[in-house]
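Please read the structure below before turning to the comments.
FYI, it's all coordinate maths here, none of it is from the lab. Please read all numbers here as calculations on a predicted model, not as lab measurements.
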C-alpha cells in the first residue's frame, strides 16, 4: 500500500519556510533539504527560495556570521572547525572569510587559552606524553590551529 504524503501549494510552502527561517538563521542547503522533504518539484523550490531571499528570510552572509559567533561562543570551536562546518553547508569562501573576521584576535586567543587550561586541568593522566596527546586531540578536534595547540601543550604539560 502506498503511503500518502502531505502536498503543499507554493504559497503554503512559502509560509511554512518563512517560519522555518524566522525561527533561526538557515543556510540554503537546509532550506533545499526541507523543500525536498516536503516533496516540492524543482521549479517550485526555486520560486520559494527566490521569495525567501527577496524578503530577507534567507541570507547566507547573515547565516555564516551567526553560525561562527554562536559556535565559537557556545562550543568554543576554532577557525579550522568553523571553516570546515561552513564548507559542509555549501557556504561560499567569501562569506566564510567575512564571518571569521567577526572574531577578534584577542577574544579568540583568550578563549583558546582558557579552554586549553581548563581541559589540561581536567585530564586525569599521570604520563606526560599521554596527557599531551589527549589535550592535543581535544583541541585539534575542536578546530584550533596546530601551531597554537602545540605551543600551548608544551607550556602546560
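Side notes on the structure shown:
- C-alpha long axis of helix 28-37 to longest principal axis of the chain, angle in °: 50
- Degrees separating the helix 128-141 axis from the principal Cα axis of the chain, which is the longest one: 20
- The chain: angle of helix 105-122 to the longest principal axis, Cα-based, in degrees nearest 10: 60
- For the chain, built as a Gaussian network whose Cα springs stay under 10 Å, the top-fluctuating residue of 137, 90, 106: 106
- Among 51, 113, 127, residue whose mean-square fluctuation peaks in a GNM of the chain (springs only between Cα atoms under 10 Å): 127
- Centre separation in Å (Cα based) which lies between the stretch 67-93 and the stretch 104-121: 17
- Using just its DSSP H runs of length 4 or more, each adding -39500 (n - 2.57), the chain gives a mean residue ellipticity at 222 nm of -23000 deg cm²/dmol after division by all residues.
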